[in-house]
Amino acid sequence: MRARVLILFSGLCFATTGTAQALGPDSAPSMGVATVRLIVGAITLIVFSSVTTHGVGKSSRRYVSHVQWWVAGGAMALYGATFFAAVRSTGVAIGTVVALGSAPIFTGGLGYALRSITPTRKWILSTAGSIAGITLIVVTGTSSKVNVVGVVLALGAGFGYAAFALASKEIMSSGVRAEVAMARVFLISAFLMSPALMFVDNSWLFTARGVAIALWLGIVTIAIAYIAYSIGLRSLHANEATTLTLIEPVMATVLGALVLAERPSHLAWIGVALVLLSLGFGS
């Protein structure tokens, strides 16, 4: 139960991303925000792990290969880059549904192919119900048109998140501390994504709102969220953890209504209820 609560808490942290961006400077480009989020998160995790463990070098009871670290970090960078590119190509609604909906499917498929982890009927039903609910939440009332390139990019984002979850599961199973693991993973992700800052407008970072949003996104939606996620992941299969993070659009809908005065449709609220029921069934 504790592990599931931690994963759901991480989903709540993830859900604040959209609200925070909406409250930030209008001039902030999505790719720039995504990259700065990773960099601030990585720095926060490195500082925290240095304080709690006296450095990111002290890690696990058994050896973790360099390949596992780079797969996890590279997969997270892939997720960040392709998700925002997908949203730009095919719209927020389609990009979000395809990326979030495909992530648990990829996780289940890769887990079966690489680790012979057979998805349970309960997980399949829970995931299917959650994806249906997300579709109602995000697509209701949208005018987005399907763009093939955007859909492929969104599938790339889903695959990236699945690979991150599976690689992180292997790392956490070695006994590595959560803050150390995530510090290393996000340091790699930030390193891989940082060149993107050379191609976008970074003036938003020199405003008070820009600094506040960058700190919130890095500290809350990366550092705190992924420490909680990785601790929960230690006790769960990666496919279950990935499905539980589908709580994110539910909480984002609630935050949008409460903080941004958005008015979700009746179908969107039905979608919220369907996701909650599906996740409850799966747990």
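The values are calculated or read from the model by the stated rules, or taken from the named source; none is laboratory data. Keep in mind that what you see is a predicted model, and the values were worked out from it rather than measured. Cβ sites come from the backbone with ideal geometry, for glycine too, and all protein chains shown count toward neighbours.
Descriptive notes on the structure:
- When restricted to residues that are touching a helix residue (DSSP H, G or I) at 6+ places or on another chain (Cβ under 8 Å), polar (S, T, N, Q) and in a loop (DSSP other than H, G, I, E, B), segment 234-279 contains 2.
- Leu100 meets each of the listed conditions (1) at pLDDT 90 or above; (2) in contact with an Asp or Glu (Cβ under 8 Å, 6 or more places away or on another chain); (3) among the aliphatic types (A, V, I, L, M) apart from (1).
- Filtered residue count, segment 145-156, keeping only those that are assigned to a helix (DSSP H, G or I) and either hydroxyl-bearing (Ser, Thr, Tyr) or out of contact with any helix residue (DSSP H, G or I) (no Cβ under 6 Å at 6 or more places or on another chain) (or both): 2
- Number of positions in segment 75-109 that are under 14 Å from the mean Cα position of the chain (by Cα) and within 15 Å of Phe164 (Cβ to Cβ): 15
- Index of the failed condition, Gly109 passing every other in (1) modelled with pLDDT of 85 or more; (2) surrounded by fewer than 21 Cβ atoms within 10 Å (Cβ to Cβ); (3) in contact with a Lys or Arg (Cβ under 9 Å, 6 or more places away or on another chain); (4) within 24 Å of Val146 (Cβ to Cβ): (3)
- Filtered by the rule that a residue be part of a helix (DSSP H, G or I), among the polar types (S, T, N, Q) and surrounded by fewer than 19 Cβ atoms within 10 Å (Cβ to Cβ), segment 22-49 gives a lone residue, Ser30.
- Phe159 modelled with pLDDT of 95 or more, surrounded by fewer than 17 Cβ atoms within 10 Å (Cβ to Cβ), assigned to a helix (DSSP H, G or I) and of a type outside the set (Asp, Glu): no
- Subset of segment 177-209 [under 22 Å from Tyr226 (Cα atoms), in contact with a helix residue (DSSP H, G or I) (Cβ under 6 Å, 6 or more places away or on another chain) and among the small types (Gly, Ala, Ser)]: Ala178, Ala181, Ala183, Ser189, Ala190
Results for (1) at pLDDT 90 or above; (2) surrounded by fewer than 19 Cβ atoms within 10 Å (Cβ to Cβ); (3) farther than 17 Å from Thr35 by Cβ, shown as yes or no for each residue.
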residue: Val152; (1), (2), (3): yes, yes, yes
residue: Ser174; (1), (2), (3): no, yes, yes
residue: Ala178; (1), (2), (3): no, no, yes
residue: Arg184; (1), (2), (3): yes, no, yes
residue: Ala196; (1), (2), (3): yes, no, no
residue: Ala214; (1), (2), (3): yes, no, no
residue: Ile227; (1), (2), (3): yes, no, yes
residue: Leu233; (1), (2), (3): yes, no, yes
residue: Thr243; (1), (2), (3): yes, no, yes
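- Selection within segment 174-208 - more than 20 Å from the chain's Cα centre (by Cα) and assigned to a helix (DSSP H, G or I): Pro195, Leu197, Met198, Phe199, Ser203, Trp204, Leu205, Phe206, Ala208
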